[in-house]
Amino acid sequence: MIFGTVLTIKSFIMKTNTHYKYIEWRNPSGLHDDIGMSISELKFLQDELHFLRDLVAEDTLELIYNITHEKAAQIAIALRGYDKRVKRLLKEMQAHANNLQVLIDDIDVPNEVKEYKNTHYELMISTMDLHADVKKTKRTIFKMLAEIMKKSKQKNLH
């Protein structure tokens, strides 16, 4: 006979906008850690977006890089959209964190754990998708900045 506890872990694969993600069912402590980390990451992402909006604001990139107004406007619109998504996700994460008590109370309600975890993983996937979308826009901005620096360096050499 084997002594010890046998732990059954349920898992599943969710399709995100960017990739497939293996997700392991977590205990309430793990869920709490996920929420705290995601909230922290979203707050940092808000700061990043603020920096990027300032960088694109007042036609800075348009003037320096000679990109079209349309391209600069597309970047600015994308950044505003990301900011709205961050705010919405932060609000949902805060509410979700407040509902964690549902899992640790002694009241047994059918399907409450399953529903909470499903919501939890949907929020995690939405957060990953947001990060992937922002990363694409950051790459575009940083490519433009690299070109600016390259041109500036070439001008200084001549």
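Every number in this text was worked out from the coordinates using simple rules, so none of it is lab data. Not measured: the values here are computed from a predicted model. FYI the Cβ positions are ideal-geometry reconstructions off the backbone, even for glycines, and counts take in every protein chain you see.
Annotation: lysines with alpha-carbon distance below 18 angstrom to K117 (same-chain offsets under eight excluded): K10, K15, K21, K91. For the stretch 81-95, putting each phi into the Karplus relation 6.51 cos²θ - 1.76 cosθ + 1.60 with θ = phi - 60° gives couplings of x, 5, 4, 5, 5, 4, 4, 5, 5, 4, 4, 5, 5, 4, 5 Hz, in residue order, rounded to whole numbers and with x for Gly and Pro. Exposure proxy shown here: for V134, V113, the number of other Cβ atoms within 10 Å sets the order, fewest to most, as V113, V134.
Measuring against 28 Å, Cα to Cα, the residue pairs K43/K155; K43/K151; K87/K138 contain K43/K155; K43/K151 as the ones spanning a longer distance.
Length gained on full extension, I77 to L145: 22.6 nm, using 0.36 nm per residue less the C-alpha separation.
Extending 7 Å from the Cα toward the beta-carbon at both T119 and I104 defines two label points whose distance is 1.7 nm.
Couplings 3J(HN,Hα) for the stretch 149-156, derived from phi with the Karplus relation 6.51 cos²θ - 1.76 cosθ + 1.60 (θ = phi - 60°), are 5, 5, 5, 5, 5, 5, 5, 5 Hz, where x marks Gly and Pro. Between H32 and E112, the FRET efficiency from the beta-carbon distance, with R0 = 25 Å, is close to 0.95. Taking 0.36 nm per residue of sequence separation and removing the Cα-Cα distance, the Q94/D133 pair yields an extension gain of 11.8 nm. Magnitude of the charge dipole for the stretch 27-157, about its Cα centre and with charges confined to Cβ atoms of Lys, Arg (+1) and Asp, Glu (-1), is about 1080 debye.
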